[in-house]
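Structure first, commentary second.
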Amino acid sequence: MDNLLAVCDAIHPLSESLRTALRQLAQREELTKQQHLLQAGQVANRIYFLETGVVRGYYLKDGKEMTSWFTKEGDFVISILSFFSGQPSHEYIQALTPCVVWTLGHSHLQELYSRFPEFNFIGRTLTEKYYVLSEQRALHLRMYSAAERYDQLQQDFPDIFQRVPLKLIASHLRLTPETLSRLRARRT
């Protein structure tokens, strides 16, 4: 919980009453490796703060898993479109390692927004951050070469190769595992 409070506090100082409310409303969960937080077709009704572990988002294309993104401790995990629109998700969200998360349901998030103006600011700032990250991912896929995407991933997530299977990294970079292996060999 301290990490969640610290991330929020870094965006906007938290009042003691907001800290208390977050402690009361957020629920701690432990996830097992490979456990899904969300399945395609489900409506996302929770937002997660990742205290420990690694999570990915993926979708199916012609029956094949295509990894969209990875995130690690200190970040929030959410299917933004599904959570805020109430529409079924198009993606799966899966723990790649054992994880500890803090969760807030949609109704609790709305309650915090209505009771605490500073939490509105925190929510808006985080939404902007994750929108920018989403746009960057889309641009990288369209405009960067495979080598540039690889370099960017290493810069953003330096220990990814120690924590995530190569086939998932290859999927994220839109490479075959063999091409990724050759690219890695040239980079070392």
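Nothing in this text is a laboratory measurement; each read-out follows from the coordinates by a stated rule. Remember, predicted model here, so these are calculated numbers, not experimental data. When we count neighbours, we look across all protein chains shown, and the Cβ atoms used for this are built from the backbone with ideal geometry, even at glycine.
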Dipole axis of the stretch 2-180 (+1 Lys, Arg; -1 Asp, Glu on Cβ), positive-most option in A26, V43, G63:
G63
If you filter the stretch 1-65 for trypsin sites (Lys or Arg not before Pro), then keep DSSP loop positions with at most 14 other Cβ within 10 Å, what is left?
K33
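Quick one: work out Rg over Rh on the C-alpha atoms of the chain, Rh as Kirkwood radius.
Values: Rg = 17.4 Å, Rh = 17.6 Å.
Reported Rg/Rh (Cα atoms, Kirkwood Rh): 0.99.
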Members of K64/K129; K33/K129; K61/K167 lying beyond 24 Å, as alpha-carbon distances in this model show
K64/K129; K33/K129
Among I78, Q154, V100, whose Cα sits farthest toward the positive end of the charge dipole of the chain (+1 at Cβ of Lys/Arg, -1 at Cβ of Asp/Glu, about the Cα centre)?
Q154
Computed FRET value (nearest 0.05) for H106 with L139, which takes r as the C-beta separation and R₀ as 25 Å:
0.25
How many nm is it between the label spots at D159 and E29, if each spot is 7 Å from the Cα in line with the beta carbon?
2.4
Taking the Cα centroid of the stretch 1-79 and of the stretch 111-127, what is the distance between the two, rounded to the nearest whole Å?
17
